[in-house]
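Values quoted throughout were computed directly from the atomic coordinates according to the rules given, and no laboratory measurement underlies them. Every value quoted in this text rests on a predicted model; they were computed, and no experiment measured them. Glycine also receives a Cβ, built like all others from the backbone with ideal geometry; neighbour counts cover every protein chain displayed.
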Amino acid sequence: MNSTGRTSPTRRSSRAPILFAVLAVLLVLSVLVSAGTGQLAIPPQEVLGSILHRVGIDWLPLPTVPAGDEALWAIRFPRVAMAVLIGIGLSVSGLIMQAIFGNPLAEPGVIGISSGAAVGAGISIVFGLTVFGQWTTAILAFITGLIATLIVYSMSRADGRTEVVTLVLTGIAVNAIGGAAIAALTFMGDTQSREAIVFWQLGSLKGMSWSQVLVVTPIIAIGLIAAYVSSRKLDLLALGERNARHLGVNVELLRIGMILVVSLLVGAAVAFAGIISFVGLVIPHLMRMILGPAHLPLVTATALAGALLMTLADLAARTLVPMAELPIGILTALVGGPFFFWLLRRTRKRSGGWG
C-alpha cells in the first residue's frame with residue numbers, strides 16, 4: 001500500500017501468477033467434481049483416471065460403476081466442456097465491453113445484447129431455418145446480437161463519451177424489445193419450438209453434445225485471441241480517446257472490431273445455452289479489483305474465473321434440488337443481481353450523482 005491506501009501497480013502485477021495458479025487449480029478440481037456428480041457418482045480420481053486413459057496414461061483407475069466411463073464421455077464431459085467455454089465467452093465479452101464503453105456497468109445481459117442474440121436464435125428455431133447448416137442458429141444469434149450491440153453503442157454515445165444513464169436505459173429498451181420479439185416467436189411456434197424458446201430464456205446446459213462443443217470451441221478461441229491481441233490498445237483506450245488517438249490507436253476501428261468479437265462470443269453462448277446474465281458483469285469487475293486495469297493479465301484471469309463460475313453454477317443447478325435441475329440463468333441472476341445493485345450505487349457515488 002502507498003500513502004493514499006491504494007495498492008501499487010507493481011504489487012498488483014505480482015499477484016497475477018498466483019491468481020492464475022489458484023484459478024487454474026480450482027477450475028480443474030471443479031471440472032473433476034462436476035463431471036463425477038450425478039445419479040452415477042464417480043470419485044474425482046476415477047474421473048481423472050478416465051481422462052488419462054484416453055491419452056494413454058494408466059496412472060489412476062477407471063470408473064468402477066457400471067457404464068461410468070461411457071456416461072462421462074457421452075453426457076458429462078460435453079456438458080462440463082460447454083460450461084467452461086461459455087464461461088470464458090461471457091466473461092471475456094463483458095471485459096471487452098467494459099473496456100470499449102469505458103464503463104463497469106456494461107455487460108451483454110444488462111444492456112440487451114443477450115436478448116438480441118436470443119431473438120435470432122428464436123427465429124432460427126421457429127422457422128426451422130437451415131441456411132448455414134448446423135451454424136444457422138449461432139450465426140443468426142450473432143447477427144441479431146450485433147444489431148443490438150450497435151444500437152446500444154450509437155445511443156449511449158454523446159460528445160465522445162459513453163453516458164452511464166443512457167447506457168442502462170438503452171439496455172432496458174433493448175431488453176424490452178427483445179422480450180417482446182421472443183414472446184411473439186413463442187406465440188407463433190409449435191409446442192417443440194415454444195419449449196426451446198422457454199429454455200433459452202431461462203438458460204441451461206442440459207443435453208449438450210460434442211458436436212455443439214466443436215461448433216463453439218473455434219468461436220471462443222477466436223474471441224479469446226482477439227482479446228489478447230487487442231489488450232494493449234484497450235489499455236491505451238482506458239487513458240481516454242484523445243490520448244489513445246495521439247498514441248496511434250484507431251479508436252473507432254478498435255471499437256467496431258471489439259463489438260464484432262463481443263457479438264460473436266455472446267451469439268455462440270446464447271445459441272446453445274440460452275440467456276445467462278451477469279457473468280460478464282461480475283467476473284471482469286472482480287478481477288480488475290484484484291489485478292488492476294492492465295488488460296493482458298485481465299483476459300487470462302477473467303477467462304479462468306468465468307469458466308470456474310459457470311462450472312460451479314452448473315454443478316449447483318444439478319444438485320441443489322433433488323431429482324430436478326434448476327435453470328442456470330436463475331442462479332447467475334441471483335448472484336449477479338445484488339452485485340449489479342452494489343456496482344450501480346458505487347459507480348453513482350464515484351460520479352458524484354447523475355443529476
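Full extension of the segment from T130 to R345, taken as 0.36 nm per residue of separation minus the current Cα-Cα distance, would add 72.9 nm. Charged side chains reduced to their Cβ positions (Lys and Arg at +1, Asp and Glu at -1) give segment 11-122 a dipole of some 460 debye around its Cα centre.
Pairs of alpha carbons in segment 87-192 separated by more than 15 Å make up 63% of all such pairs. Between the exposed loop cleavage positions of the chain, defined as chymotrypsin sites (Phe, Trp or Tyr not before Pro) in a non-H, G, I, E, B DSSP state with at most 11 neighbouring beta-carbon atoms within 10 angstrom, the longest gap is 60-353. Were the residues from T191 through V65 laid out at 0.36 nm apart, the gain over their Cα-Cα distance would be 41.6 nm.
Dividing the summed helix terms, -39500 (n - 2.57) for each DSSP H run of n ≥ 4, by the number of residues in the chain produces a 222 nm estimate of -24500 deg cm²/dmol to the nearest 500. Between T217 and F20, the FRET efficiency estimated from the beta carbon spacing at R0 = 22 angstrom works out to 0.55. Beyond 21 Å, the tail of the calculated P(r) for segment 225-355 holds 54 percent of the Cα pairs.
Between R245 and L296, residue separation times 0.36 nm minus the direct Cα-Cα distance comes to 16.4 nm.
Does segment 176-258 come out rounded, prolate or oblate, given a ≥ b ≥ c as the square roots of the eigenvalues of its C-alpha gyration tensor, rounded meaning a/c under 1.5 and, failing that, prolate meaning a/b above b/c? Oblate, since a/c reaches 1.5 and b/c is not below a/b. For the chain, a simple Cβ point-charge model (Lys and Arg +1, Asp and Glu -1, everything else neutral) yields a dipole of about 1380 debye relative to the Cα centre. In a Gaussian network model over the chain where Cα atoms closer than 10 Å are linked, find which of N250, N175, N103 has the largest mean-square fluctuation. Comparing N250, N175, N103 in a Gaussian network model of the chain, the most mobile one is N250.
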